[in-house]
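Visitor: Handing you a structure now.
The values are calculated or read from the model by the stated rules, or taken from the named source; none is laboratory data. All values derive from a computational prediction rather than experimental measurement. Note that each Cβ is placed from the backbone with ideal geometry, even for glycine, and that neighbours are counted across all protein chains shown.
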Amino acid sequence: MTPLVTTACERGIATLTLDSPANRNALSARLVGELSAALAECGRDDAVRAVLLTHTGPVFSAGADLKAPPSPYTFVELLRALVDLPKPVVARVTGKARAGGLGLLGACDMAVGATGSDFAFTEVRIGVAPAVISLPLLPRLEPRAAERYYLTGERFDAAEAARIGLLTLAADDADAALAPLLAGLRKASPLGLAAAKRLLTARVLEAFDRDAEELVQRAASLFASPEAREGVTAFLERRAPIWEL
């Protein structure tokens, strides 16, 4: 079976590539499982100084795979693994990112987006809400921007994503922008990186401990609602849901 997440390592940087372009790198149960396993292996490998999370195709991730979704618990465990990994995780985005895909970005320590990228919290348009992804995202996002984009589902570009805190920076050439970040990580000591990351993620991990169960239950309740069933059906049938005016 062809893997949905591929791994390569060069000079201490392990590159994990979401490689399921046929379904726009949607977060299926299988892809989430493979990414979780790859992260765990990076954590055990002393040769890995940092992780670069990237993608094939024009979409970083379209969010949850509505045909074969992971359980909310499994997805929360993946987000926590990204935050809790004692090695920095840097995201590289050169296309679209939607819904749960933005949760991956929020769980990474740094994220670089090409200027042609665009982003959207599309959950409200199918009758749910950005529940579990709020754990890593809300501490990063500018509050007024979070209110706007959570509630409207509007698309926004890489410059706006950087302004509101979703991205570390936006650049015409994502790889050129990444180069000094990765060079800096290669110069840092593994112990120093782990200790610095622990300082940066302490409050987010506290939020996982405190709020994850409630948000998982909220997400499950929303997805089981009649509105979500209509929203998902409308999305799969490529039509407007009944509530759209």
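Visitor: What's the number of the condition Gly116 fails, among (1) within 24 Å of Val32 (Cβ to Cβ); (2) outside any helix (DSSP H, G or I)?
Guide: Going through (1) within 24 Å of Val32 (Cβ to Cβ); (2) outside any helix (DSSP H, G or I) one by one, Gly116 breaks only (1).
Visitor: Name the one entry in Ala81, Ala111 that is assigned to a helix (DSSP H, G or I), of a type in the set (A, V, I, L, M) and farther than 30 Å from Ala234 by Cβ.
Guide: Of the residues listed, the single one that is assigned to a helix (DSSP H, G or I), of a type in the set (A, V, I, L, M) and farther than 30 Å from Ala234 by Cβ is Ala81.
Visitor: Here is a further query. Suppose we filter region 64-86 for residues that are at pLDDT 95 or above and within 20 Å of Pro139 (Cβ to Cβ); how many remain?
Guide: 12
Visitor: Can you name every residue in region 49-78 that is among the aliphatic types (A, V, I, L, M), touching a residue at least 60 places away in the same chain (Cβ under 8 Å) and closer than 26 Å to Ala194 by Cβ?
Guide: Ala50, Leu52, Val76
Visitor: Oh, and also: For region 18-35, which residues satisfy the criterion of being outside any loop (DSSP other than H, G, I, E, B) and buried (at least 19 other Cβ atoms within 10 Å of the Cβ)?
Guide: Leu18, Leu27, Leu31, Val32, Glu34, Leu35
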